[in-house]
Amino acid sequence: MSDPSNKSPESHEGSTRIVAGQSSRPKRPLGQKIGIAAVLLALVGGGAAVAATVNNGSGAPAAAGETAPSGNPAAELKLGYFGNVTHAPALVGVSQGYIADELGDTKLTTQVFNAGPAAIEALNAGAIDATYIGPNPAINSFVKSGGESINIVAGAAAGGAQLVVKPEINSAADLKGKTLASPQLGGTQDVALRAWLTAQGYKTNVDGSGDVAINPTENAQTLKLFQDGKLDGAWLPEPWASRLVLTAGAKVLVDEKDLWDGSLSGKPGEFPTTILIVNQKFAADHPDTVKALLKGHVKSVEWLNKAADGEKATVINAALKEAAGAELKADVIDRSLKNIVFTVDPLAGTYQKLLADGVTAGTTKQADINGIFDLRALNSVSGEKTSAAKLGKE
């Protein structure tokens with residue numbers, strides 16, 4: 001899959017797409033440690049600054065004391081997502097027009113990211129209003145802002161993340177002194193990897209030092225570095241885990257679904273990989289627009305769960321080509337889809353553990369995350385009762 005940053009912005013009927021969040025080389029090349037500490041400070045500090053930059057949807061910060069009219073449809077909805085199979089509800093919702101159709105006269109602009117922290121930065125800066133994202137960056141944003149930045153409004157995908165390694169690595173004991181990758185410091189797979197290594201008795205540090213070195217690296221670069229023998233493995237979302245297995249000779253050391261027994265969510269083997277979040281001020285100013293977004297999202301998830309495997313793969317592949325520059329091989333997309341459950345349930349019961357894992361990883365701080373969910377619009381649209389697990393409104 002080629003680097004999306006090499007593609008020009010494109011316009012489509014009902015939407016405009018902008019590609020962001022990737023570069024033609026790793027932001028933190030293998031072995032580079034300078035700047036990681038600064039990234040960590042951005043992840044775990046300065047909550048007031050995040051809350052202060054929540055904007056009025058026009059790209060400019062809201063003035064102090066300004067009260068925007070409530071309930072008016074937005075002129076534009078700026079939506080983020082990733083070029084990953086785990087973001088298929090976004091890929092399908094955008095490419096098939098489900099979201100744009102529901103938005104009506106509201107213009108849909110989309111922006112493609114490589115990993116969660118970059119999307120959160122864009123949302124907090126007002127560059128986007130909502131985004132599909134992994135749970136840990138969403139938790140971190142909520143914690144940093146004192147509960148004022150975002151709300152989780154729906155789930156999108158569960159599962160589809162694995163630690164894949166060189167064939168000669170057979171157990172956790174073989175990882176000492178090895179170098180692994182994750183998509184981005186503080187991202188959901190990065191946190192999962194660091195928490196799992198800690199449970200195995202290893203020490204890791206955000207600057208890449210420790211018993212096992214972790215180098216946050218863009219997914220496309222991770223594939224090349226693994227092929228070149230410069231990485232021993234990576235904890236990745238789909239389709240990247242499948243790409244390393246099927247095209248680069250990696251093997252699965254840990255399938256993350258095996259770490260979730262269902263005691264927190266009631267759904268064994270399921271863990272939140274992709275969710276949908278919205279800027280709180282945008283949601284307060286434009287509740288009808290958020291509801292329209294959720295209608296399109298629900299339709300997309302329903303389509304994914306009803307479509308035949310061949311049709312599903314064809315549609316997702318076409319959308320991936322649009323979002324990320326290239327289609328996937330048939331065996332890669334087939335393996336990827338077998339590892340993912342598409343669901344509007346964000347699996348709220350897992351979030352206290354996800355928060356604890358972020359604290360263990362050193363990418364967030366312990367905090368009260370009550371209020372992080374607002375599932376009222378989702379439940380109104382879907383006609384079901386998705387639980388917020390006492391962490392918000394439902």
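The values are calculated or read from the model by the stated rules, or taken from the named source; none is laboratory data. If you're wondering where the values come from, they're calculated on a predicted model, not measured in any experiment. Don't worry about glycine lacking a Cβ; one is built from the backbone with ideal geometry, like all the others, and counts go over all protein chains shown. The area values use the complete protein model at the heavy-atom level, side chains included, leaving out ligands, DNA and RNA. Shrake-Rupley method; radii C 1.70, N 1.55, O 1.52, S 1.80 Å.
Taking the simple approach of a point 7 Å from Cα along Cα-to-Cβ for both D309 and A199, what is their distance in nm?
It works out to 3.0 nm between the two label points.
Using the basic label-point model (7 angstrom from Cα toward the beta carbon), what is the A173 to K107 distance in nanometres?
6.2
Counting only heavy atoms of protein chains, what accessible area per residue, in Å², does the range 110-183 have with a probe of 1.4 Å? Display every interim value, and only then the final one.
Numbers: 1600 Å² over 74 residues.
Accessible surface, normalised per residue, equals 22 Å².
Given the C-alpha centroids of the range 176-205 and the range 155-170, what is the distance between them in whole angstrom?
Comparing the Cα centres of the range 176-205 and the range 155-170, I get a distance of 13 Å.
Name the long-range amide H neighbours of A127: under 5 Å, sequence gap of 5 or more, or other chain; modelled H, no Pro or chain starts.
Close amide H contacts, sequence-distant or interchain: none at all.
Among A324, G362, A313, which residue has its Cα positioned farthest towards the positive end of the charge dipole of the range 290-366, with +1 placed on the Cβ of Lys and Arg, -1 on the Cβ of Asp and Glu, and the dipole taken about the Cα centre?
G362
Across the range 74-79, in residue order, what do the Karplus-derived ³J(HN,Hα) couplings come to in whole Hz, using 6.51 cos²θ - 1.76 cosθ + 1.60 with θ = phi - 60° and x for Gly and Pro?
6, 5, 8, 10, 9, 10
Residue separation times 0.36 nm, minus the C-alpha to C-alpha distance between K365 and E394: what's the value?
The K365-E394 span can extend by a further 7.9 nm.
So for the pair T247, A75, with labels modelled 7 Å out along Cα→Cβ, what separation do we get in nm?
So the label points at T247 and A75 sit 4.2 nm apart.
So how much slack lies between D331 and D261, counting 0.36 nm per residue of separation and subtracting their Cα-Cα distance, in nm? List each step's numbers first, then the result.
Working: separation 70, 0.36 × 70 = 25.20 nm, distance 2.82 nm.
Contour length minus Cα-Cα distance gives 22.4 nm.
With unit charges on the beta carbons (Lys and Arg positive, Asp and Glu negative) and the dipole taken about the Cα centre of the range 68-129, which residue among F82, L123, L108 sits farthest to the positive side?
Of the candidates, F82 comes out farthest on the positive side.
Hey, got the dipole for the range 127-279? About the Cα centre, +1 on K and R Cβ, -1 on D and E Cβ, debye to the nearest 20?
220
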